[in-house]
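Okay, so here's the structure we're looking at.
The values are calculated or read from the model by the stated rules, or taken from the named source; none is laboratory data. Note that the structure is a prediction, hence the values are computed from the model and not measured. Quick reminder, even Gly has a Cβ in these numbers, built from the backbone with ideal geometry, and neighbours come from all protein chains shown. Note: accessible area is taken over every heavy atom of the protein model, side chains too, but ligands, DNA and RNA are not part of it. Shrake-Rupley method; radii C 1.70, N 1.55, O 1.52, S 1.80 Å.
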Amino acid sequence: MSTSRENGSLYTKIDNQVATIEFGHPASNSFVSELLDRLAKEFDKLSNDNSVNTIILKSEGDRAFCAGASFDELIAVSNLEEGKVFFSGFAHVINAMRKCKKVIIGRVQGKTVGGGVGLVAACDYVFALEKASVRLSELTIGIAPFVIAPAVERKIGIAALSELSLSPTEWKNAYWAQEKGLYSKVFDDIKELDKELEFFTTNLSKYNPQALENWKKILWENTENWDSLLLERATITGKLALSEFTKNALDKFKK
């Protein structure tokens, strides 16, 4: 059952040292600013929870995994400060995931767009269904995926990022995403995916938490500048969101 709440929903369940964070929003599991803020804080909280050794990130329902940032909030941006705050949402979440002491496993059951691709890229390991296509559509509205680009490039490389971002109307299928390194494993059946996900996380949660924490730091080496970098990118995007091109493009989407 999907949420009907305007500000979305966020629930966390902890079982046998595995924390499952489930987010949802009636608009294809997109993110309003409040929901992004809650998610960032949840990762910070779980990072210091000694009863948790592994985290699963999933979304509600059986359709889209995440449609990116809220379209309604984007349309409402009227000045640079609002734009910076709006685009900083995914920056804060990605940085919270990056600095989280616990390994984060993504469960991607459907299509993923824009900021949602950034969330997937910030996971340490990802299980996906074969219908979980990805797209970076930002150029179609006059902006670009500045904020999430470092996370996506870290996973798939600059060549694949160029291919994905410069074809903003084209969906890349799950096997493309797996080949490039965004997805770790792809399944054609949700029951099989969840069975393998449970087996994987159960084993992972039994490993030495200090070893996992220290190893995650190694996996995320050379990203220490992201605290400032991603916010700088949010400012660039905020400026572009106020451009005449973007305003006209958003007006067309509204119609």
Output the number of the condition that I55 fails; it satisfies all remaining conditions of (1) touching a Cys at 6+ places or on another chain (Cβ under 8 Å); (2) assigned to a helix (DSSP H, G or I); (3) open to solvent by less than 70 Å² (accessible area, probe 1.4 Å). (2)
Can you spot a residue in the stretch 19-31 that is in a loop (DSSP other than H, G, I, E, B) and either under 20 Å from Y207 (Cβ atoms) or open to solvent by 70 Å² or more (accessible area, probe 1.4 Å) (or both)? yes
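What's the total number of residues in the stretch 80-108 that are touching a Cys at 6+ places or on another chain (Cβ under 8 Å) and in a helix (DSSP H, G or I)? Talk me through it step by step, then tell me what you get.
Quick first cut of the stretch 80-108, residues touching a Cys at 6+ places or on another chain (Cβ under 8 Å) only: 97, 104-106.
Now narrow it down to the ones that are in a helix (DSSP H, G or I): 97.
Selection size over the stretch 80-108: 1.
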Options K247, K195: the member that is farther than 21 Å from I148 by Cβ and surrounded by 13 or more Cβ atoms within 10 Å (Cβ to Cβ): K247
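Condition test on Y175, is it open to solvent by 80 Å² or more (accessible area, probe 1.4 Å) and within 19 Å of the chain's Cα centre (by Cα)? Can you show your working first?
Details: open to solvent by 80 Å² or more (accessible area, probe 1.4 Å): yes; within 19 Å of the chain's Cα centre (by Cα): yes.
Spelling it out, Y175 is indeed open to solvent by 80 Å² or more (accessible area, probe 1.4 Å) and within 19 Å of the chain's Cα centre (by Cα).
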Restricting to the stretch 178-189, what's the tally of residues that are more than 17 Å from the chain's Cα centre (by Cα), open to solvent by 60 Å² or more (accessible area, probe 1.4 Å) and not charged (D, E, K, R)? 0
Of the residues in the stretch 201-227, those that are open to solvent by less than 60 Å² (accessible area, probe 1.4 Å) and either more than 30 Å from K102 (Cα to Cα) or without any contact (Cβ under 8 Å) to a residue 12 or more places away in the chain (or both) number 2
Matching residues in the stretch 126-142 (more than 27 Å from L212 (Cβ to Cβ) and open to solvent by 10 Å² or more (accessible area, probe 1.4 Å)) number 10
Does the stretch 164-172 include one or more residues that are open to solvent by less than 60 Å² (accessible area, probe 1.4 Å), touching a Phe, Trp or Tyr at 6+ places or on another chain (Cβ under 8 Å), in a loop (DSSP other than H, G, I, E, B) and of a type in the set (S, T, N, Q)? no
Can you spot a residue in the stretch 110-125 that is over 18 Å from I190 (Cβ atoms), part of a loop (DSSP other than H, G, I, E, B), open to solvent by 10 Å² or more (accessible area, probe 1.4 Å) and touching a helix residue (DSSP H, G or I) at 6+ places or on another chain (Cβ under 8 Å)? yes
